[in-house]
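Let me begin by presenting the structure, written as structure tokens, before commenting on it.
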Amino acid sequence: MARFPLHLVRTRLGFRTVCSSRVDLAPALPLSDTQPPAASRKFPASFKEEFQIGDNLFTFETGKIARFCNGSVVLGLHETKVLSTVVSSKGDAAKDFLPLTVDYQEKQFAQGMIPGTYMRREGAPKERELLCGRIIDRPVRPLFPPGFYHEVQVMASVLSSDGRYDPDVMAANATSAALMLSDIPWRGPIGMIRVGRIDGKLIVNPTMDELKLSDLNLIYACTQDKTLMIDVQASGITEKDLQAALKLAHPEAVKFIEPQIRLAAKAGKDKKEYKLSLISENTLQRVRNLVEKPIQAVFTDSTYGKFERGEALEKITQDVKKTLEEDVDEESLKILPKAVDTVRKQVVRERIIRDGLRLDGRQLDEVRPVYCESRYLPQLHGSSIFSRGDTQVLCTVTLGAPDDAQHLDSLVGPSTKRFMLHYSFPPYSINEVGKRVGLNRREVGHGTLAEKALLAVLPSEKEFPYTVRITSEVMASDGSTSMATVCGASMALMDAGIPVKEHVAGISVGLITEVDPLTGDIRDYRILTDILGLEDHLGDIDFKVAGTREGITAIQLDMKPAGIPLDIICQCLEPACKGRRTILDYMEREICTPRTKEDRSCPLLETLKYSSDSLRRLIGPLGVTKKVIEEQTGARLFVGDKTLTILAKNQSIMQNVLEKVEVLVGREIEIGGVYKGVVTSIKEYGVFVEFNGGQQGLLHISEISHEPVTRVTDVISIGQQLSLMCIGQDLHGNIKLSLKALTSSGNREKKVDAGTITPVEVPSQSSSIRDPSSTDVTSLEDIKKNSEVHEPSSTNVSSQEDIKKNSEVHEAALSTPSILIRSAAECDEGERSNLSKKKVTKKNDVVNPKTLKIGTKLNAVVHQIRVRGLVLDLGGGIRGMLRFEENGRKDFSVGEEIRVECSSFNSKGIPVMTIVISESAH
């Protein structure tokens, strides 16, 4: 009988589980097939609504998860799912405003990633999460009923993301559906859609890849018949094209509304009775009788400033409170400021609708006085002051290296951002005392709006590789500081010398409407250009529009009522365009083109290419070498993928860094490049030079000077420092260097030394900086000129061909970007081919320069072919020359051996040879 481990024996056989090496008998169970009934499980009922928009199938689902919320919905599109939950406080409202909180979160598990933070947890909300929360908040908030001041919290979370679509629009639609299902009073639903445009064709719900190609990113939210929110980023779209996109977006967004209504009919809760904090008609009428005339007196006096007007209105409120303190209860006193504000709102709106008069006496389409100043802080890379009325901002620009770009950690979109605009709204800008804490949703939203407005005119990364950071400090605020930031930042960019295409300006447009109390329809309205802060508070919309002279680059529309018809919104685009162009006139008078390189104070940026081994030497152990260079020079070094980027404040610092880097690792070797080196060894045929961070190069004896050099040691010594030009690479892989390529043939030196070398600056396609130590520069034009003026004589070895060859070296430096590095096999094959062409000189023909006499016959090898003759290799490092005869042979080839006879010597001692006809070796 097989034996089984005790812990595998079933309990029903009478054994208990093994514990502490002890086996106990269990009471025997009746051997019956009847098992006790399992506990009943209650599965939650889930409801689903599927609908299609274009080629995309969307799904609303509720009841499966987050069932304890007032309302929860999961919206799915392909592999992307977003959960939105809504919860309301259960107590009575204790405030006089709606405390609505919208939190949007993208956790890394949604894309199968672990957070890269130290604790491996998601930290504080990122900028993108704050912005997406604002996208949800702006269309949802106006639809809560007046007087509903209970705390409401919306939490939207991305459960999974395939990276194809941005989940922000999905989160807004899921939030609308969750509010519809909840018992919270809300006058929805809403629909939200994204529209792009590629090659003039509008695309509904574009993918992330399509958005990269799109010149329009429009987010549109609406109810069945009214617009609630517009958010636009564009590349100069015209007002006409934008209206076409808006008219397409509205019916597409409405397609999200009907499925929400069907889902609410299946699974929605009955709306609860919440206490509304409304002002009674009797109280409102009493307050109106007391404050209407004093308020009119304040608003009809255009001499009031922002704070004077505010103090006068506050005094009116305190006077009314003293008057009614004995007649009304404590609850009514709490809402008294709200009643005064309601009357103030009615008085101002009636005056604008009836008389067309604004608070400061301006016309409806009039822009406040504008003041512009660029280069307010000359020490900075770029700066400007922009004032419009009492609103004032100070903008600064700071340039950095590509590695200074912001690293983003979001589910969709780019991983880095090289252009950043940071907006700051300090308390002193409105004469208040406050505490600065963390990221502020309003500051992030305003800064991002200005950033989107300027992206359309920025140069490409290839054209301008710097990282750009703009800071906007609000110095004084009286309405539309975000649009003032656009204007000030545009001027600061030009002040920094950034090649922006044109100026961008922004302006805010308001709307005052008169509504029929019975039908709710708009009977009359007025559009206000460049609204004040109080006009923003008392008006219906804040329509921010930014752009160039020709088109719109960014829009943000927020509103207080529960929607405005789209045709009225479109009418606001024309006065916004006129006001924008008026402001651009002021900006262009101050600065209209980017400052030149000589007139700006931005840092220098240099990018060099190196091998991975070279960069490791530069960084050093634990980055010590790199840190030492940065501390000694004040520059910043950034190491990338086989690239080194140097950021220096000025040219002297840049040159200092380049010299230090060149000593350590050198720079990319290029034909025509000029390098400093030290002679390490001397041979009969030339010298070896160490240069460019330890690399070895060969300076052949023929490349030392235009004059013939018999002995290398006569002109060059070990340890001597030379500036040399790279002219190529030989078959053995040695880098070929030239000294004479840096000197003109008309200025030949009798003796070469480091102090008399005159390097020539050779333009290159790389960003390397050449040796600036020389002041006597011989250019390519000088070399060509010399080649025309100095006609070579028949006895001069350095003839016109030398100069022509020298010119060709310079031209090669302009056209050839880098050295061709051959493999070992190619070098061996080239060496064998070269040896096969040359024949070894006979032993008895070895030339001794001391015994060479007229009449000596020997075999010579053609070394060079010139216009008037040949340069011959006579052996033993001796060169001779042979002049072509008028009717003689001229079809020689390099490496060919011929029989010659020494006929004479020229004035410099060079042997002149003639062909021995009877003994010529062909």
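The values are calculated or read from the model by the stated rules, or taken from the named source; none is laboratory data. Source: prediction; values computed, not measured. In this analysis, Cβ positions are derived from the backbone assuming ideal geometry, glycine residues included, and neighbour counts consider all displayed protein chains. What goes into the accessible areas is simple: the full protein's heavy atoms, side chains included, and nothing from ligands, DNA or RNA. Shrake-Rupley method; radii C 1.70, N 1.55, O 1.52, S 1.80 Å.
Tabulated results
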| read-out | value |
| --- | --- |
| Qualifying residue in segment 354-361 (condition: exposed (fewer than 15 other Cβ atoms within 10 Å of the Cβ), closer than 28 Å to R580 by Cα, more than 36 Å from the chain's Cα centre (by Cα) and among the basic types (K, R)) | yes |
| Strands (runs of 3 or more DSSP E) lying entirely in segment 339-407 (those with 1 or more residues that are in contact with a Pro (Cβ under 9 Å, 6 or more places away or on another chain) and assigned by the TED database to the domain that holds M483) | 382-388, 391-400 |
| Residue, nearest to the chain's Cα centre (by Cα), within segment 418-438, restricted to residues that are of a type in the set (A, V, I, L, M) and surrounded by 12 or more Cβ atoms within 10 Å (Cβ to Cβ) | M420 |
| Residue within segment 109-116 that is surrounded by 22 or more Cβ atoms within 10 Å (Cβ to Cβ), more than 30 Å from D241 (Cα to Cα) and not aliphatic (A, V, I, L, M) present | no |
| Hits in segment 572-602 - residues which are open to solvent by 20 Å² or more (accessible area, probe 1.4 Å), over 25 Å from M559 (Cα atoms) and assigned to a helix (DSSP H, G or I) | T582, D585, Y586, E588, R589, E590, K597, E598, D599 |
| Inter-residue pairs, beta-carbon under 6 Å, first under 10 Å from F419 (Cβ atoms) and in the same structural domain as T553 (by the TED database) and in segment 454-477, second of a type in the set (S, T, Y) and part of a strand (DSSP E or B), 6+ apart | R469/T398 |
| Failed item in (1) open to solvent by 40 Å² or more (accessible area, probe 1.4 Å); (2) at pLDDT 90 or above; (3) out of contact with any Phe, Trp or Tyr (no Cβ under 8 Å at 6 or more places or on another chain), with R442 passing the rest | (3) |
| Some residue of segment 205-217 being under 20 Å from L75 (Cβ atoms), in contact (Cβ under 8 Å) with a residue 40 or more places away in the chain and assigned to a strand (DSSP E or B) | no |
| Selection within segment 620-633 - modelled with pLDDT under 90 and within 17 Å of A401 (Cβ to Cβ) | G623 |
| Failed item, numbered, when A178 is tested on (1) open to solvent by less than 20 Å² (accessible area, probe 1.4 Å); (2) closer than 29 Å to T416 by Cα; (3) assigned to a helix (DSSP H, G or I) | (2) |
| Yes/no for M119 being within 25 Å of L228 (Cβ to Cβ) and either charged (D, E, K, R) or open to solvent by 60 Å² or more (accessible area, probe 1.4 Å) (or both) | no |
| From E659, E670, residue being among the acidic types (D, E) and touching a residue at least 40 places away in the same chain (Cβ under 8 Å) | E670 |
| Checking K627 against (1) open to solvent by 60 Å² or more (accessible area, probe 1.4 Å); (2) over 29 Å from H381 (Cα atoms); (3) not assigned by the TED database to the domain that holds R711, the condition it does not meet | (2) |
| Where V663 falls short, out of the listed (1) among the hydrophobic types (A, V, I, L, M, F, W, C); (2) more than 17 Å from N692 (Cβ to Cβ); (3) surrounded by fewer than 19 Cβ atoms within 10 Å (Cβ to Cβ) | (2) |
| Of residues in segment 466-475 being at pLDDT 95 or above and not β-branched (V, I, T), the one farthest from D530 (Cα to Cα) | R469 |
| Pick from segment 722-737, criterion in a loop (DSSP other than H, G, I, E, B) and closer than 16 Å to E690 by Cα, ranking: most open to solvent (accessible area, probe 1.4 Å) | N734 |
| Among the residues listed as F97, F109, F148, the single one being assigned by the TED database to the domain that holds Q260 and not in a loop (DSSP other than H, G, I, E, B) | F109 |
| Residue within segment 388-396 that is open to solvent by less than 50 Å² (accessible area, probe 1.4 Å), under 22 Å from the mean Cα position of the chain (by Cα) and at pLDDT 90 or above present | yes |
| Condition check for P414: outside any loop (DSSP other than H, G, I, E, B) and open to solvent by 40 Å² or more (accessible area, probe 1.4 Å) | no |
| Given (1) loosely packed, with under 14 Cβ neighbours inside 10 Å; (2) within 15 Å of P708 (Cβ to Cβ), number of the condition G888 does not satisfy | (2) |
| When residues of segment 82-108 are limited to those that are free of Cβ contacts under 8 Å to residues at least 60 places away in the same chain and closer than 21 Å to E61 by Cα, the one most open to solvent (accessible area, probe 1.4 Å) | K107 |
| Criterion (assigned to a helix (DSSP H, G or I), among the hydrophobic types (A, V, I, L, M, F, W, C), modelled with pLDDT of 85 or more and closer than 17 Å to Q346 by Cα) met by exactly one of I261, I316 | I316 |
| Test: residue in segment 240-257 that is assigned to a helix (DSSP H, G or I) and of a type in the set (K, R) | yes |
| Residue tally, condition more than 25 Å from L618 (Cα to Cα) and surrounded by fewer than 14 Cβ atoms within 10 Å (Cβ to Cβ), over segment 689-721 | 6 |
| Top-ranked residue of segment 549-586 - restricted to ones that are in contact with a strand residue (DSSP E or B) (Cβ under 6 Å, 6 or more places away or on another chain) and β-branched (V, I, T), ranked as nearest to L242 (Cα to Cα) | I552 |
| One residue from L324, L248, L228 being closer than 30 Å to K578 by Cβ and surrounded by fewer than 19 Cβ atoms within 10 Å (Cβ to Cβ) | L248 |
| Members of segment 399-411 that are open to solvent by 40 Å² or more (accessible area, probe 1.4 Å) and either touching a Cys at 6+ places or on another chain (Cβ under 9 Å) or of a type in the set (A, V, I, L, M) (or both) | L408 |
